[in-house]
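S.K.: Quick one: the structure is below, and I'll ask about it shortly.
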Protein chains: 4
Amino acid sequence: MTLSFGRNYLAIPGPSVSPERVLNAMHTSAPNIYEGGLVDMVADMIPDLKAVARTSGDVAIYIANGHGAWEGAAMNVLAPGDTALVLATGRFAALWGTICNRIGIETEVIDFGKTSGVDPARVEEALRADTERRIKAVLTVQTDTATGVLNDIAALRAAIDAAGHPALLMVDCIASLGCDTYEMDAWGADVTVAASQKGLMTPPGLGFVFLNDKAKAAQNERVSYYWDWRPRIDPEGFYQYFGGTAPTHHLLGLRAALDLIAEEGGIEAVWHRHDVLAHAAWAAFEAWGQGGPMKINIADPAERSRAVTALSLGADNGTRLRRWVEANGGLTLGIGLGMSAPGDPKGDGFFRLGHMGHINPHMMLGALGVIEAGLKALDIPHGAGALSAAAEVISKG
Amino acid sequence: MTLSFGRNYLAIPGPSVSPERVLNAMHTSAPNIYEGGLVDMVADMIPDLKAVARTSGDVAIYIANGHGAWEGAAMNVLAPGDTALVLATGRFAALWGTICNRIGIETEVIDFGKTSGVDPARVEEALRADTERRIKAVLTVQTDTATGVLNDIAALRAAIDAAGHPALLMVDCIASLGCDTYEMDAWGADVTVAASQKGLMTPPGLGFVFLNDKAKAAQNERVSYYWDWRPRIDPEGFYQYFGGTAPTHHLLGLRAALDLIAEEGGIEAVWHRHDVLAHAAWAAFEAWGQGGPMKINIADPAERSRAVTALSLGADNGTRLRRWVEANGGLTLGIGLGMSAPGDPKGDGFFRLGHMGHINPHMMLGALGVIEAGLKALDIPHGAGALSAAAEVISKG
Amino acid sequence: MTLSFGRNYLAIPGPSVSPERVLNAMHTSAPNIYEGGLVDMVADMIPDLKAVARTSGDVAIYIANGHGAWEGAAMNVLAPGDTALVLATGRFAALWGTICNRIGIETEVIDFGKTSGVDPARVEEALRADTERRIKAVLTVQTDTATGVLNDIAALRAAIDAAGHPALLMVDCIASLGCDTYEMDAWGADVTVAASQKGLMTPPGLGFVFLNDKAKAAQNERVSYYWDWRPRIDPEGFYQYFGGTAPTHHLLGLRAALDLIAEEGGIEAVWHRHDVLAHAAWAAFEAWGQGGPMKINIADPAERSRAVTALSLGADNGTRLRRWVEANGGLTLGIGLGMSAPGDPKGDGFFRLGHMGHINPHMMLGALGVIEAGLKALDIPHGAGALSAAAEVISKG
Amino acid sequence: MTLSFGRNYLAIPGPSVSPERVLNAMHTSAPNIYEGGLVDMVADMIPDLKAVARTSGDVAIYIANGHGAWEGAAMNVLAPGDTALVLATGRFAALWGTICNRIGIETEVIDFGKTSGVDPARVEEALRADTERRIKAVLTVQTDTATGVLNDIAALRAAIDAAGHPALLMVDCIASLGCDTYEMDAWGADVTVAASQKGLMTPPGLGFVFLNDKAKAAQNERVSYYWDWRPRIDPEGFYQYFGGTAPTHHLLGLRAALDLIAEEGGIEAVWHRHDVLAHAAWAAFEAWGQGGPMKINIADPAERSRAVTALSLGADNGTRLRRWVEANGGLTLGIGLGMSAPGDPKGDGFFRLGHMGHINPHMMLGALGVIEAGLKALDIPHGAGALSAAAEVISKG
């Protein structure tokens, strides 16, 4: 007999839980797209959106998922024949590189493996070696959703500068924006790609590309209509913001989400919350790992994202645990994505916990509690004191 | 800085969390009340509603809260000058008695205190003493929301029968229906009073009175229009179900709630879920109590409700804990209701955890986790292993 | 083949259409009823609610429909054996009288028929005849939902005063509040009864009783707990506002509805809108009537409500029209209530158009357009120019 | 004083009104995108979606607006250097051509003006002249949202065939799908482009490209990742349907919209409803035009869309009327798009009425009624009997 009837908590690494206020804002029969409230709202919302990315640059909003925003960002500043240096730390930067390849961009990939972040020294070295300046851009994720790694963007900028290389620094913050601390301007990112459905707490359907003057200067003349960010960042009319019909309901939802961020105390308060909650989760995971197979994928806490944690449990325990917590606990965990181990080619030993967006101690401690119940129910060995350790972290705020 | 931005969990002993499906069912601009879908729906819904109370009797639906339903139930079978035997086990049966007094019904109260349930032997004794058969009804709660006590209704019936007394057994299941096991027909209750906002997962606004043939036979001729249950249980038209305009949106919500119960596997599955979750909570409370002041109000587990647990923490710790978990954890606990202790006249040492309705392990373990965080943050002494003990209970399903 | 797929317009005389904002405000998993936002909100809302009734008196909010509010109002100031003078102008004042009878109040009924309003002279005469002052209250509706009549409340007060009679003037504004102009204090009503689901645009489930000092002075000592308005108008705690658990979601909806009224420009703007829209409807009805059987039930425009219009169409044309417009036009009309004619004992020749609450020219002219389509489809004779006449009224604002 | 407080009707030519059921389906905190209900739902939904376009071919779903779907469709079968024959009948085919130009496709434009549809003979002639078969595709809209023209797609196919030309027939049905009769397979369209926010009654955010085997055979090897329709029509996993994160809430909304279409009786019933409602509108417009400046942009009814009607009113009357009906009537009309006249360079003499999607007689007749009120209020001359003429059309069903 299931115990799961109740409010399910979807703790996958995106889409995240949409707050009731966001959903209520989207519950409207349809607003006008030619004039009136929605039209006025969007211009006012742009500064709030940029504040989340900590930039005084520009932002283009696309009706697209994150993969679309990747394609859009690449098309504006990279042309067929250009080279991008791709910093692989899991799955997503590499996939962005593949998307670049599909439009004729060459890529040079440095693979940092799946258990640690970018090593800036190797990036600097690669850029120094590029004496012909073929590399137009360095592509990285801040947080890789598959591995849970958090890359040091400021260090990457320092490495690029140390190499005296003109390449753009293009950062995928799809999983991290509004979760992990991110200072686009202060850290020297030129392009930031994000999406609505993670830290921004709005259903999937919007992609964002933030860009600074350096990125604008690198503009390709020829860009497809839909991906061209020029009219979107400097629209002659409302229609140009979105290259056609506006995503009316998503805009209303996003406005509500940005209001929530403001009410919480701004993005720094949001980052702090994610930081504490992630540390709570890690405290539990490490305690369980003391007495069993559980292991956080990224060993060094300094390299872990505050938005998602990837874990291994051995054998097929990841899949067994996911099935149990969903069927019995009202908790949905993320699958291991692109992970494998000897004897586990499909990654059934892995799982992920998303802790992004609209999440608080009740939701996090509930998720950890259900995981402990699952470990017990499935007789997966685990250390003691995990839940109390997590509560301890939260008690300190 | 608060960590509470996220989905708040309201764990007071009612109103309980309304499921999204219930709320979506209520999100309709307005249905017709003269004919069509809503009218057809109500007749079909009555059997499903009676199944929750396990009765083949009748049910009257009132637009009212539980206090209104009390008044309604009393008016139909008790007349000015009649006597009701009120079994006080906290706050609510006594209050029902007061409401009876207000309409001229005499009450004889047996007070069983606030820390244990009804003693059937004393009831039998009182009834035997009533040689003149002045007592027309025995009034009890199944679950007292203030104390968390669970009374043994079958034993009460046995006591009444043993005394050979004709009094009606009238049971308040407002807090317990759809949470604590309840068998109206099998246990011999004559009248059952309930409401929408607890186990039935629908916003406050509907009261229910279930009744059997014995209650119908006890009908007063003169009853006020609004409280008269006769037209409501045997309506000539849709209008009579509700003594006027139907509570359209609540009916749509209730239909969705009853559908959820059916999908879970019926009321027995619902009872089982509440039973396991309550035991999980008690395991944590008892573990904390091993090393500190926490104490479950009802010592004997057999007398504890599966819908709500009342606790004491000493001094003003109840209020402090409530404030902390709401401000920092996304959890709202119930106040201590009608409780006091030496040095604590206002009951600031008490609090309650509601665990009724749309609740699953994630929600329960999250609530317990936040409580542990609060105990730590506030330096309230507490035993170890509480959260793990709760997870252990849940792991066994 | 139906053409009705689209947004249906429910134009019955209540419940009226709930605005999206009201429904969205109600779409919340559950608020706390012990402290916090909802508790603060209610105290702030009371003045806004009283402003709708134009009174500086008090208001008691009941979880009940209008029939419940009738019973509640009567119980507070009328006692068994008291006499109420009931002014019947259709169905509802008489029904209120019946409800009084059920609690032992005597009634003396003056029936003004179903096609015109109260004649104050007859009321004055009846009061003068009551030399023993047995009559404690005069009961009237402002608008009778069945007949569409609008009674002149100020004239009633003048009649009572002219008779030098101390009777309370108790007015049912259930159908009219927030639609027809009503000045409780200026017109000298002592008690006003209303409900949520008409001009207040909130789903059925709340009843309101407004009262002035004279009504308070007439207070019965003994009133049932649920109906006693004393704690509700002067609550010691939040719990007393509602005699138990608060109607959480309805309160949130009502708050949104009162906000809409404020945004429209206050209650006078709302009255003006209803006035224009009603006149538009009457212009169409009268034009149709020029060439066919259609007849507005109340001949004198000064005696017609701005909230609902009752009509006759002859034979079974009312029912035929209702069926046609619902199946083919996306419009639901009200049934003829309590009407009959020679050869039409069940009132199939009658129907009603509600025009209350959240209604604008688009909704009204759409309703009239669909009625004209129905008259044509069913070959019911009708005069020309009706729709244009209605548009003409609206064009003048 | 405004009369507009009530349910506003947005009668612009898209986005159209989203039904409550669609919006309620979208009101969910977030579904899983890896497995479970949503994943199963999409595969089941594809056939229902294809049935709306009347094709046994394939469909690719894009998170994009219609302009994005245009770009996507073009990229798959047209390569830089290819030529497309663009049939301009207003604004939108020409804009699609411009989007093609932006990705290096040459276009040859035949402009049929703004007041009539495509002349198949001229298309045949142009294709016959293309002896080198440079033209790879003929691009047309079925309905041009700006002019309200409806092009004859079957005749276009016949013209292409008559010319013995292998060009693909690519049809934009963004405004027409689910409104105007459209038989993709039977009429010989190779590619059909559509979007969610018009006949499909779902908020903007989804674009659809339907394609047949001939289009598949014309596939470019090199297509950007996001626009490549191959994985979307033949996905290896759920992720590939949408080139990344699924548009979770839109999919739930679309499912509800397709259910509504099924309940109405299928797409033929939907077409019939649009046909009758459009004829009702035209009857009114023509009657008004008998006595004043109002003129339907497309003179020949056979060339008019059932989804939108464009009109001229002279001078700045279009804008004045739009402002009046919105401020006073609760109706929002569409602006004249890309229209101008001597002395009216900005098109203030024009307006449009959208009549697409979730619309029924009440909504249409209400819109027409408010327009008549506006004409009167603004003293714009107009013929008599318009509203009655519209009602007459609807009365015949």
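The values are calculated or read from the model by the stated rules, or taken from the named source; none is laboratory data. Because the structure is a prediction, the values reported are computed rather than measured. Methodologically, a virtual Cβ is constructed for each residue, glycine included, from the backbone with ideal geometry; neighbour enumeration extends over all protein chains shown. Calculation scope for accessible area: heavy atoms of the full protein, side chains included, ligands and nucleic acids excluded. Shrake-Rupley method; radii C 1.70, N 1.55, O 1.52, S 1.80 Å.
S.K.: Only one of D:Ser29, D:Ser4, D:Ser18 is open to solvent by 10 Å² or more (accessible area, probe 1.4 Å) and either modelled with pLDDT of 95 or more or aromatic (Phe, Trp, Tyr) (or both); which?
M.R.: After applying the criteria, what remains is D:Ser4.
S.K.: Taking segment C:370-397, which residues are among the hydrophobic types (A, V, I, L, M, F, W, C) and part of a helix (DSSP H, G or I)?
M.R.: Once the filter is applied, which keeps residues that are among the hydrophobic types (A, V, I, L, M, F, W, C) and part of a helix (DSSP H, G or I), segment C:370-397 yields C:Val370, C:Ile371, C:Ala373, C:Leu375, C:Ala377, C:Ala386, C:Leu387, C:Ala389, C:Ala390, C:Ala391, C:Val393, C:Ile394.
S.K.: Select from segment D:369-397 the residues that are charged (D, E, K, R) and under 17 Å from C:Ala386 (Cβ atoms) and list them in ascending order.
M.R.: D:Glu372, D:Lys376, D:Glu392
S.K.: A:Lys50 passes all but one of (1) in contact with a strand residue (DSSP E or B) (Cβ under 8 Å, 6 or more places away or on another chain); (2) open to solvent by less than 20 Å² (accessible area, probe 1.4 Å); which number fails?
M.R.: (2)
S.K.: Please return the ranges of helices (runs of 4 or more DSSP H) entirely within segment D:189-290 where 3 or more residues are closer than 26 Å to D:Gly36 by Cα.
M.R.: Qualifying helices (runs of 4 or more DSSP H): D:230-233, D:238-241, D:248-264.
S.K.: Give segment D:225-235 a look and list any residue that's at the interface with another protein chain (Cβ under 10 Å from one of its Cβ atoms) and surrounded by fewer than 22 Cβ atoms within 10 Å (Cβ to Cβ), or say none.
M.R.: D:Tyr225, D:Asp228
S.K.: Looking at A:Lys295, A:Lys376, which is the one that is in contact (Cβ under 8 Å) with a residue 12 or more places away in the chain and of a type in the set (Lys, Arg)?
M.R.: Exactly one residue qualifies, and that residue is A:Lys295.
S.K.: Under the condition of being of a type outside the set (Val, Ile, Thr) and under 18 Å from D:Phe210 (Cα atoms), which residue from segment D:157-171 is surrounded by the most Cβ atoms within 10 Å (Cβ to Cβ)?
M.R.: D:Met170
S.K.: Could you please let me know if C:Thr83 is polar (S, T, N, Q), farther than 27 Å from C:Leu311 by Cα and open to solvent by less than 10 Å² (accessible area, probe 1.4 Å)?
M.R.: yes
S.K.: What about A:Ala121, is it open to solvent by 10 Å² or more (accessible area, probe 1.4 Å) and modelled with pLDDT of 95 or more?
M.R.: So A:Ala121 passes the test.
S.K.: Let me spell it out: the conditions are (1) buried (at least 24 other Cβ atoms within 10 Å of the Cβ); (2) hydrophobic (A, V, I, L, M, F, W, C); (3) without any contact (Cβ under 8 Å) to a residue 24 or more places away in the chain, and C:Leu254 meets all of them except one. Which number is the exception?
M.R.: Of the numbered conditions (1) buried (at least 24 other Cβ atoms within 10 Å of the Cβ); (2) hydrophobic (A, V, I, L, M, F, W, C); (3) without any contact (Cβ under 8 Å) to a residue 24 or more places away in the chain, the odd one out for C:Leu254 is (3).
S.K.: Checking A:Phe238 against (1) open to solvent by less than 40 Å² (accessible area, probe 1.4 Å); (2) at pLDDT 95 or above; (3) of a type outside the set (Gly, Ala, Ser), which test does it fail?
M.R.: Every condition holds for A:Phe238 apart from (2).
S.K.: Conditions: (1) more than 7 Å from every other protein chain (Cβ to nearest Cβ); (2) of a type in the set (Ser, Thr, Tyr); (3) within 30 Å of C:Gly336 (Cα to Cα). B:Thr28 meets all but one. Number of the miss?
M.R.: (1)
S.K.: Do we have D:Ser305 as over 19 Å from the mean Cα position of the chain (by Cα) and hydroxyl-bearing (Ser, Thr, Tyr) here?
M.R.: no
S.K.: I would also like to ask the following. Condition first: within 14 Å of chain C (Cβ to nearest Cβ) and out of contact with any Cys (no Cβ under 9 Å at 6 or more places or on another chain). Can you find one or more residues in segment D:67-85 that meet it?
M.R.: No: segment D:67-85 contains no residue that is within 14 Å of chain C (Cβ to nearest Cβ) and out of contact with any Cys (no Cβ under 9 Å at 6 or more places or on another chain).
S.K.: Here's something else I'd like to know. Go over the candidates B:Ala195, B:Ala218, B:Ala246 one by one and state the one that is aliphatic (A, V, I, L, M), crowded, with 17+ Cβ neighbours inside 10 Å, within 12 Å of another protein chain (Cβ to nearest Cβ) and closer than 30 Å to B:Ala146 by Cβ.
M.R.: Only one candidate passes the filter, namely B:Ala195.
S.K.: On to the next question. Go through the residues of segment A:120-128 one by one and say whether even a single one is assigned by TED's automatic domain parsing to the domain that holds A:Ala94 and under 18 Å from the mean Cα position of the chain (by Cα).
M.R.: no
S.K.: OK, next. Can you tell me how many residues in segment C:36-61 are within 12 Å of chain B (Cβ to nearest Cβ) and on the phi > 0 side of the Ramachandran plot?
M.R.: Within segment C:36-61, residues that are within 12 Å of chain B (Cβ to nearest Cβ) and on the phi > 0 side of the Ramachandran plot number 1.
S.K.: Can you work out which of the residues in segment B:259-275 that are open to solvent by 10 Å² or more (accessible area, probe 1.4 Å) and hydrophobic (A, V, I, L, M, F, W, C) is nearest to the other protein chains (Cβ to nearest Cβ)?
M.R.: B:Leu260
S.K.: Of the numbered conditions (1) within 13 Å of chain B (Cβ to nearest Cβ); (2) touching a strand residue (DSSP E or B) at 6+ places or on another chain (Cβ under 7 Å); (3) in contact (Cβ under 8 Å) with a residue 60 or more places away in the chain, A:Leu387 fails exactly one; give the number of that condition.
M.R.: (2)
S.K.: Need pairs with beta-carbon distance below 8 Å; first residue under 14 Å from A:Ala79 (Cα atoms) and within segment A:211-235, second small (Gly, Ala, Ser) and part of a helix (DSSP H, G or I); sequence gap 6+ or separate chains.
M.R.: Close Cβ pairs satisfying both conditions: A:Trp227/A:Gly72.
S.K.: Checking A:Ala64 against (1) open to solvent by less than 20 Å² (accessible area, probe 1.4 Å); (2) over 28 Å from A:Pro301 (Cα atoms); (3) more than 14 Å from chain D (Cβ to nearest Cβ): exactly one of these is not met. Which one?
M.R.: Answer for A:Ala64: the failing condition is (3).
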